[in-house]
Amino acid sequence: MLKIIIDDINLYKFFKKHKISSKIFALSVQKIEELTDPVLHSLAVSELQTPESPTKQTSPSRFHDIDKELRGFLRADKQYKIHDMGVSNGITSFELYRYLKTSNIDFRLYISDKYNRVWSFRKGPVSLCLANDHQLVCGDLFGIACMPSISLKYFISNLLGKLLQSFLTHESIAVAEKELKEINLLFGPVQQLIANGEIECINCDIFETRLNASFDIVRCMNLLNLAYFPKSKIRIAIDNVNLSLKEYGFLQIGRTLPNGVSTVSFYRKERGSLRLIHECNGGSELKSLIMEKSC
């Protein structure tokens, strides 16, 4: 099986309405910035996979109930500094921003995603989409997607992606760099809030960046999953997240299951350790790892 890349937004919208064609066709990365519908934008971004293998899977309203749970811990007389990590296209950050605004909560929202921008290059029948570390996110060869991190059920696109990736050298990237086009994968209204200074987009790699006691709330959803990373790497990330929280700050961590249900745990930082205070739908699969770090 393979993925086919198309440039026509209306055609893409049509294909996404049908079960079989929705699995075969993907929108060209160069067209994502033109999408104004949040559902369609989320679908297009969700089809990308980062070089580290996690997808950018997202959808509007997926955290609607969880946002209400978070709101229950917050006070109207306090100002909160919030960091939403691994936000993909930022649609759920946008919804959190609107919800807290209408809930009379005083806050400042910071968002981060290591792959919120990509760089595109097209030459004849070949196009490349590179991450900020110059790794291949996806390519396009005569309309066939070349995606080195895609599931093996799309073995043709996976194989072509790995072959294309192997041909990329520092020299070839250096030649292409002059023609690289930057593509912002954040949803348009999120970009507008950033431009207006109402949301701040920060550079943060959960495995590398250490922010000392900076935030009252950290939201980490669909990022630290056991299906994506080994336990040893997740432990490092939990340390970094804990370090970035102020004393008595809150951590919301969890994942969304294939059936759309989000399993979430809420923690409060007390004396430098994370104490479990609330769970939704059974809680995070990382509970045992976080307990290790808190003992």
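The values are calculated or read from the model by the stated rules, or taken from the named source; none is laboratory data. Keep in mind it's a predicted model, so treat the numbers as computed, not measured. Heads up, the Cβs are rebuilt from the backbone with ideal geometry, glycines too, and the neighbour counts pull from every protein chain shown. Accessible surface is based on the protein model in full, side chains and every heavy atom, while ligands, DNA and RNA are left aside. Shrake-Rupley method; radii C 1.70, N 1.55, O 1.52, S 1.80 Å.
Would region 286-293 turn up any residue that is assigned to a loop (DSSP other than H, G, I, E, B), farther than 19 Å from VAL87 by Cβ and open to solvent by 50 Å² or more (accessible area, probe 1.4 Å)? Checked region 286-293: no residue is assigned to a loop (DSSP other than H, G, I, E, B), farther than 19 Å from VAL87 by Cβ and open to solvent by 50 Å² or more (accessible area, probe 1.4 Å). Got at least one residue in region 23-43 being among the small types (Gly, Ala, Ser) and free of Cβ contacts under 8 Å to residues at least 40 places away in the same chain? No, because not a single residue in region 23-43 is among the small types (Gly, Ala, Ser) and free of Cβ contacts under 8 Å to residues at least 40 places away in the same chain. Do we find a residue being under 18 Å from LEU43 (Cα atoms) and either aliphatic (A, V, I, L, M) or in contact (Cβ under 8 Å) with a residue 12 or more places away in the chain (or both) anywhere in region 165-179? No; the residues of region 165-179 include none that is under 18 Å from LEU43 (Cα atoms) and either aliphatic (A, V, I, L, M) or in contact (Cβ under 8 Å) with a residue 12 or more places away in the chain (or both).
Of all residues in region 90-125, those that are touching a strand residue (DSSP E or B) at 6+ places or on another chain (Cβ under 6 Å) and free of Cβ contacts under 8 Å to residues at least 24 places away in the same chain total 0. When the residues of region 12-41 are filtered to those that are surrounded by 20 or more Cβ atoms within 10 Å (Cβ to Cβ) and β-branched (Val, Ile, Thr), the one that is nearest to PHE187 (Cα to Cα) is ILE32. Does ILE217 satisfy being of a type in the set (Val, Ile, Thr), modelled with pLDDT of 95 or more, more than 15 Å from the chain's Cα centre (by Cα) and not in a helix (DSSP H, G or I)? In short, yes. Applying a threshold of 6 Å to beta carbon distances and a minimum spacing of six or more residues, or different chains, the list of pairs starting in region 148-160 at a residue that is under 20 Å from GLU52 (Cβ atoms) and ending at one that is part of a helix (DSSP H, G or I) and aliphatic (A, V, I, L, M) reads ASN158/LEU152.
Which members of region 44-72 meet the condition of being touching a residue at least 40 places away in the same chain (Cβ under 8 Å), open to solvent by 40 Å² or more (accessible area, probe 1.4 Å) and basic (Lys, Arg)? Correct list: ARG62 only.
The condition (being under 13 Å from the mean Cα position of the chain (by Cα) and at pLDDT 95 or above) is satisfied by just one residue among SER59, SER46, SER53, SER42: SER42.
The single condition from (1) modelled with pLDDT of 90 or more; (2) within 24 Å of PRO38 (Cα to Cα); (3) among the small types (Gly, Ala, Ser); (4) open to solvent by less than 10 Å² (accessible area, probe 1.4 Å) that SER157 fails is (2). Summed over region 134-145, the residues that are over 17 Å from LYS31 (Cα atoms) and open to solvent by less than 60 Å² (accessible area, probe 1.4 Å) give a count of 1. Would it be correct to say that ALA227 is open to solvent by less than 10 Å² (accessible area, probe 1.4 Å) and either in contact (Cβ under 8 Å) with a residue 60 or more places away in the chain or under 22 Å from LYS56 (Cβ atoms) (or both)? Taking the combined requirement at face value, the residue does not satisfy it.
Would it be correct to say that ALA213 is within 28 Å of GLU69 (Cβ to Cβ) and in contact with a strand residue (DSSP E or B) (Cβ under 6 Å, 6 or more places away or on another chain)? When the stated conditions are applied, ALA213 passes them. The lone criterion from (1) within 17 Å of PHE63 (Cβ to Cβ); (2) open to solvent by less than 20 Å² (accessible area, probe 1.4 Å) left unmet by ASN222 is number (2).
Just a yes or no: is a residue in region 273-289 in contact with a strand residue (DSSP E or B) (Cβ under 7 Å, 6 or more places away or on another chain) and β-branched (Val, Ile, Thr)? Yes - at least one qualifying residue is present in region 273-289.
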